[in-house]
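Participant: Below is a structure I'd like to ask you about.
Please treat every number below as a calculation from the coordinates, not as lab data. Every value quoted in this text rests on a predicted model; they were computed, and no experiment measured them. Glycine gets a Cβ as well: all are built from the backbone with ideal geometry, and neighbour counts include every protein chain shown.
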Amino acid sequence: MADCLFCKMTAGEIPVTPLKRSADAFAIQDINPQAPTHVLVIPIQHVAAVRDAKGPEGEQLLGRLFAFTAQLATELGLDARGYRIVTNTGPDAGQSVDHLHLHLLGGRKMKWPPG
């Protein structure tokens, strides 16, 4: 999508330094971290939100995104204490970019409910 911030990053129009990259996704530091470790995992393919990842292809993409994120958490040393993977869908949930992405949060004790 022409106006999508994450699509511009994917296309190289906005330079980023990925922490990790695969054929399906890349990971970058969040510019407004909510935990000592706060990484965004962004799929290369534009999908507006998790609700739009439909059918077998969407399910496979979601599975690969979660596997990628779990592997990244291990590489960042988050396994011992734990971490949280979050995706927001829609404005009431806090989705600010209409491109599916996962937040990997760790490095501190998380509270529940998240609020």
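Participant: Going through the stretch 97-110 one residue at a time, which ones are within 13 Å of ILE42 (Cβ to Cβ) and not in a strand (DSSP E or B)?
Facilitator: Listed by number, the residues that qualify are VAL97, ASP98, HIS99, LEU100, HIS101.
Participant: Here's something else I'd like to know. Which one of these is in contact with a Ser or Thr (Cβ under 7 Å, 6 or more places away or on another chain) and either within 20 Å of MET1 (Cβ to Cβ) or charged (D, E, K, R) (or both): ARG21, ARG51, ARG64, ARG84?
Facilitator: Just one listed residue meets the conditions, ARG51.
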